[in-house]
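The values are calculated or read from the model by the stated rules, or taken from the named source; none is laboratory data. As the structure is a computational prediction, the values presented were derived from the model and not from experiment. Here Cβ is always computed from backbone atoms with ideal geometry, including for glycine, and neighbour counts include all displayed protein chains. The accessibility values were calculated without ligands, DNA or RNA, using every heavy atom of the protein model including side chains. Shrake-Rupley method; radii C 1.70, N 1.55, O 1.52, S 1.80 Å.
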Amino acid sequence: MSEWKQKRFWTEVTVVAEGAGFAVALDGRKIKTPAKTPLIVPTLTMAQAIAAEWEAQGETVDPLTMPFTRSANAAIDKVAHQFAEVAEMLADYGDSDLLCYRADSPAELVALQSEKWDVILDWAAETLNARLEPRKGVMHQGQNAEALESLRALTLKFSPFELAAFHDLVGLSGSLILGFAATHHLRPVEELWEISRLDEHWQEEQWGVDELAEEAKVVKKASFEHALRFFDACQEGATT
């Protein structure tokens, strides 16, 4: 039995000003989230990106081709209702940040981690007022409380839409610091993604590439890049 798919039922897609934000309408009827909440987004850029996804649908609707719509739904239906919990969960990454957990051997990997990761930690100390220290091995060693509080305060400043994007930037990379580096455009998003996969790439060079893992990596990289586009679209005058 084939899976049921929603048929396209609209002809015209339009963007409509709605209070301080923007909505998207299908033949004049404004879109709602899965929880039946009006889908109102903060910027015209984001609304236009969502409208383009609905306009691009064929005879049947494929949610996998609608990342902006899905991210907006998550921001409205999930993050907005659990904002403090989500922000605290992400801030906790700072105490076990990927960039701080270093190998003690071989020397080549130790040097590579230092080369690629130390500069990002230095940037965080200067820009985010949060000096995190590298640790040898995988056992947890707590970070400076003042640094963690600085990172927590910055995380709590995001809007629900920004936090929805930040959730994916941090969760996919495994690093709170790389999440902030992405939102500050410290490096091209592709480079930041590769920095987060440093250990993974090292293992591949030693043991070869697993085809299934490679397919999953492509999906995660695309999701990471989309998350930054969604974050940028939260800003007035953004381009996607």
- Query: Between residue 194 and residue 7, what is the spin-label point distance in nm, taking each point 7 Å from the Cα along the Cα→C-beta axis?
  - Reply: 4.8
- Message: Could you order the peptides 5-17, 195-207, 223-235 from most to least packed, using the average number of other C-beta atoms within 10 Å per residue?
- Response: 223-235, 195-207, 5-17
- Rank-order 47-55, 126-134 by packing density, defined as the average count of other C-beta atoms within 10 Å over each peptide's residues, highest first. 47-55, 126-134
- Give the distance, in whole Å, between the Cα centre of segment 73-133 and the Cα centre of segment 143-194. 7
- Item | Using alpha-carbon coordinates, inclination of helix 107-127 to the longest axis of the chain, degrees | 60
- Quickly estimate the mean residue ellipticity at 222 nm for the chain, helices only: each DSSP H run with n ≥ 4 gives -39500 (n - 2.57), and the total goes over all residues, rounded to 500. -17000 deg cm²/dmol
- Solvent-accessible area per residue, Å², over segment 121-189 with all protein chains present [probe radius 1.4 Å]: 46
- Message: If I compute solvent accessible area with a 1.4 Å probe over the protein chains, what percent of it on the chain is carbon and sulfur?
- Response: 55
- Could you rank 217, 36 by how accessible they are, 1.4 Å probe, largest area first? 36, 217
- Item | Highest-first arrangement of 138-149, 94-105, where packing means the average Cβ count within 10 Å | 94-105, 138-149
- State the antiparallel share, in %, of DSSP beta bridges confined to segment 16-165, rounding to the nearest 5. 80
- Note on the structure: Cβ-Cβ cut-off under 15 Å around residue 157, Lys and Arg +1, Asp and Glu -1: the net charge is -2
